[in-house]
Amino acid sequence: MNEQKILSEFPNECELPEIFYQSESDKFWMMDSRGVFVPYRKGPVCARLEYEFGINKKNTDPIFAKVYQDKVVDLVTRVGGLRKGIHQIGSMNILIPSEQRRFIPVKGEWGVIHQYMTGMLGKEQFEWYKGWLQTWLSGFYNYKFVPGQVLICIGETSSGKTLLKDIHNHIFDGGGQPLKYMTGGTGFNGELCGVCSLHIDDKLNDLGSNGKKKLKAECKELAVAGEWRFEFKNKTAFSASPVQRLTILCNYTEDSVSVMPDIDESTSNKISILHCRREKMPMPAGTQKERDAFWTQIVSEMPAFIYHILEEHVITKDFADLEEERMGVCGYHNEQALNFVEAYSNEGKRLHAIIEVLRKDHGLCWEGSASELVKILKEEAKDYKSTPTSIGRFLNQRIACGSNLVKMVGHRKYWIDVQDYEEMEDEILDLVEETNQVEEVPRVKDRQVDLLDEDEDYY
């Protein structure tokens, strides 16, 4: 068979396989028996063409010439949530060699997942969460990025947060940990390009102000734009929009929540915070065998759960993103979790340090201007660097974050609550004990210890 006959008649006899060429690595990319594009040298490609299509090696030159001309790719990488094949991203031809596995939604029972979710989140939070997940899943099943909030889950140990992360990773076929990149620890993030479920677990330390600022900026970018610039080692960098969400998992500890981004006007609809309760799991989970059985049941219910989220759940007006109309659901901030983050954030600790200074001579509250506050801080040798402008900006930020400790009471006049609530609580508890009118009330910390000692099964 001559070259002209190959070019004119062969495509009519059978369909040639897709072959792409990457000049940077001098490799050809063809699909294997799994349906995944893998790299080959020219020799193995010729062998496959001869074995599978009967094309003699001597007659492959026209085929390779066509590949060199029309099937050249600049980069080969997975992009989370996008279809397998060639994509024009910016000015680059990107070959996505494989895509995520997707469950086929099937109507059915998902009672164990429902019991676990409502136990951990409660009815209201679970209703919001289903809307948040629906927005993510709609983009995933349509192979397209859709904006959505970064989700922060704060709870006690063994409240089920890790299981939630595992469920996300299973639904979206894998996950990645972006903390090092999102806080400036590394400039390389290529391994995050191919996943949809990002998570930062509770192994957190204080990142400092610079790390926290970068985390806040990256969270806003991920939620709204979705486009990251991906830097690889020994590969060309490029920008893409994977179908990604970020879940941050924290314990109720100062170290764990101190890295949280502020919830202010710029982030209130881009970051949501849920409180995770510690409840008994719907199945025994005390041993590894029991946990495996529990997970197997969850996996078996996954298609029915996804069907409910995509086909049956309706986002109500209470939770719909009516203001921006782009994220499916509005930002949600559980009051208990938000107050804890506010108290132990870097800015929260700064506010409490200011309150400690004011508490000495100002009774229950302090009122004044930013200039007057700067003067007090300098006289007490607590702050020599702040200016009236910076202090005013800081107080306005605390107000925007929803803090109950600071209010605006006039033109450039502020009110700050300086009461010692811990001392008040101690006095109340002492009074209760002295009067003996009711049974002794254990402190919150004591009640938590009692809960931890109960002989129950938690995941």
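The values are calculated or read from the model by the stated rules, or taken from the named source; none is laboratory data. Bear in mind that the values here come from a model prediction, so they are computed numbers and not experimental data. When we count neighbours, we look across all protein chains shown, and the Cβ atoms used for this are built from the backbone with ideal geometry, even at glycine.
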| message | On the basis of being among the polar types (S, T, N, Q), out of contact with any Cys (no Cβ under 7 Å at 6 or more places or on another chain) and free of Cβ contacts under 8 Å to residues at least 24 places away in the same chain, does THR287 make the cut? | response | yes
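Residue-by-condition table, conditions (1) of a type in the set (S, T, N, Q); (2) in contact with a Ser or Thr (Cβ under 8 Å, 6 or more places away or on another chain); (3) assigned to a helix (DSSP H, G or I):
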| site | (1), (2), (3) |
| --- | --- |
| ILE113 | no, no, yes |
| GLY122 | no, no, yes |
| TRP128 | no, yes, yes |
| GLN134 | yes, no, yes |
| SER138 | yes, no, yes |
| LYS144 | no, no, no |
| LEU164 | no, yes, yes |
| GLY184 | no, no, no |
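Quick grid of which residues meet (1) out of contact with any His (no Cβ under 7 Å at 6 or more places or on another chain); (2) buried (at least 18 other Cβ atoms within 10 Å of the Cβ); (3) under 30 Å from GLY226 (Cβ atoms):
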| residue | (1), (2), (3) |
| --- | --- |
| PHE319 | yes, yes, yes |
| GLU324 | yes, no, yes |
| MET327 | yes, yes, yes |
| GLU342 | yes, yes, yes |
| ASP361 | yes, no, no |
| VAL374 | yes, yes, no |
| GLU379 | yes, no, no |
| task | Check GLY348 against each of (1) farther than 22 Å from GLY211 by Cα; (2) surrounded by 19 or more Cβ atoms within 10 Å (Cβ to Cβ); (3) more than 20 Å from the chain's Cα centre (by Cα) and name the one condition it does not meet. | result | (1)
| field | Matching residues, the stretch 29-41, being surrounded by fewer than 18 Cβ atoms within 10 Å (Cβ to Cβ), in contact (Cβ under 8 Å) with a residue 24 or more places away in the chain and in contact with a strand residue (DSSP E or B) (Cβ under 6 Å, 6 or more places away or on another chain) | value | PRO39
| field | Subset of the stretch 123-165 [closer than 25 Å to ALA217 by Cα, aromatic (Phe, Trp, Tyr) and touching a Gly at 6+ places or on another chain (Cβ under 9 Å)] | value | TRP132, TRP136, PHE140, PHE145
| field | Where a residue in the stretch 61-89 is closer than 17 Å to ALA237 by Cα and its partner, wherever it lies, is of a type in the set (Lys, Arg), with Cβ under 8 Å and at least six apart | value | LEU75/LYS235; THR77/LYS235
| Residue ID - surrounded by the fewest Cβ atoms within 10 Å (Cβ to Cβ), chosen from residues in the stretch 121-175 that are under 22 Å from GLY286 (Cα atoms) and polar (S, T, N, Q) | THR157
| query | When residues of the stretch 321-362 are filtered for being on the phi < 0 side of the Ramachandran plot and in a loop (DSSP other than H, G, I, E, B), how many remain? | reply | 14
| said: What are the pairs with Cβ atoms under 6 angstrom where one residue, in the stretch 42-60, is more than 15 Å from MET31 (Cβ to Cβ) and the other, located anywhere, is of a type in the set (A, V, I, L, M, F, W, C) and outside any helix (DSSP H, G or I)? Sequence gap at least six, or different chains. | reply: ASN59/MET1
| message | For a quick check of your reading of the model, give me the residue pairs whose first member lies in the stretch 175-187 and is assigned by TED's automatic domain parsing to the domain that holds LEU215, whose second is of a type in the set (Lys, Arg), with beta-carbon atoms closer than 8 Å and at least 6 apart or on different chains. | response | GLY175/LYS165; MET182/LYS214; THR183/LYS212; THR183/LYS214; GLY184/LYS214; THR186/LYS180
| message | Could you go through the stretch 312-320 and let me know if any residue there is more than 20 Å from the chain's Cα centre (by Cα), in the same structural domain as ASP201 (by TED's automatic domain parsing), assigned to a helix (DSSP H, G or I) and at pLDDT 95 or above. | response | yes
